Structures are given as structure tokens and as C-alpha cells.
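The values are calculated or read from the model by the stated rules, or taken from the named source; none is laboratory data. This is a predicted model, so every value here is computed, not measured. Because the Cβ atoms are built from the backbone with ideal geometry, glycine has one as well, and the counts that use them run over all protein chains shown.
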Amino acid sequence: MLRLVTSDDSWEPPKYVIEEVNDPEYVARFKASMAQFKANLDWLQAHWGDLLPQARGKYVAVAGREAFIADTAKEAYDWADTAHPYDEGAWVTHVRRTPGYNAYANRVSAPVSFAAES
């Protein structure tokens, strides 16, 4: 388990602590929530075609192997908590407005000159 430890001093960078978890009850709860999460993602993968194109530009919540399309992330999380309060593997994501890939490039803050040397 990775734990973030912060201090009251906002100038001090956070410290990360890695701890071994031996509590069988905690490990069982974690494994159960990950199984629910995987089941929800598998369901979503099989049903993307049912959600598109109406989900574009919106948030999709998946819980209890059921989807909900919302205008805001808060609305999506609230639906998941209300409709499936025992699903610890609920998932919310934003769906891009347009299909395709994002391309990123470095931007240079000052003009760069490539003059040929004589």
C-alpha cells in the first residue's frame, strides 16, 4: 500500500511511504472492490456501443454493471453512490467530445533561430 504523508508546512514536499499490509480483512475488502471494479470495466468495454454517441462530452458512471450518463462528474458519482451503494468498484470517466487521439507538442517560449554556420 502506498500512503502519502504531508506536513503542516506547505513548503515541504510530500513524502511517500510504502507499507506492507498484513490485515486479512483489509486485503479481502481490497480484493473484493477490485473484482467489482474489473467487472464494471469489463461491462463498459462490452457496452460502449450502446453509450455512444450520446455520451460524448459528458461523464459516464458505471456501477453494478449499469451505466449512467451525466453532465457533471458530481452528478455521475452521486448516481453511483445512490443507485449502487454497495458497489465499491464504481467508476466515472469523462468521454471526449470528438473521437480520435490527442497530439501534444512541446512549445518553445522564445523564437529559435537555426542559422547556418559559415
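Just one of (1) among the β-branched types (Val, Ile, Thr); (2) at pLDDT below 95; (3) surrounded by 10 or more Cβ atoms within 10 Å (Cβ to Cβ) trips up Val108, so point out which.
Every listed condition holds for Val108 apart from (3).
To keep it simple, each residue is scored yes or no on (1) at pLDDT 95 or above; (2) more than 25 Å from Arg97 (Cα to Cα).
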{"residue": "Ala35", "(1), (2)": "yes, yes"}
{"residue": "Trp48", "(1), (2)": "no, no"}
{"residue": "Pro53", "(1), (2)": "no, no"}
{"residue": "Phe68", "(1), (2)": "yes, no"}
{"residue": "Thr82", "(1), (2)": "yes, yes"}
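Quick one: what pairs do we get from the range 80-94, first residue farther than 21 Å from Leu51 by Cα, second among the small types (Gly, Ala, Ser) and outside any loop (DSSP other than H, G, I, E, B), C-beta under 8 Å, 6+ apart or different chains?
Partner pairs satisfying both residue conditions: Glu88/Ala32; Glu88/Ser33.
Looking only at residues in the range 42-66 that are more than 17 Å from Trp79 (Cα to Cα) and within 17 Å of the chain's Cα centre (by Cα), which one is surrounded by the fewest Cβ atoms within 10 Å (Cβ to Cβ)?
The qualifying residue surrounded by the fewest Cβ atoms within 10 Å (Cβ to Cβ) is Gln45.
If I ask for residues that are hydrophobic (A, V, I, L, M, F, W, C), within 19 Å of Ser33 (Cβ to Cβ) and not in a strand (DSSP E or B), which ones from the range 55-79 would you list?
Matches in the range 55-79: Ala76, Trp79.
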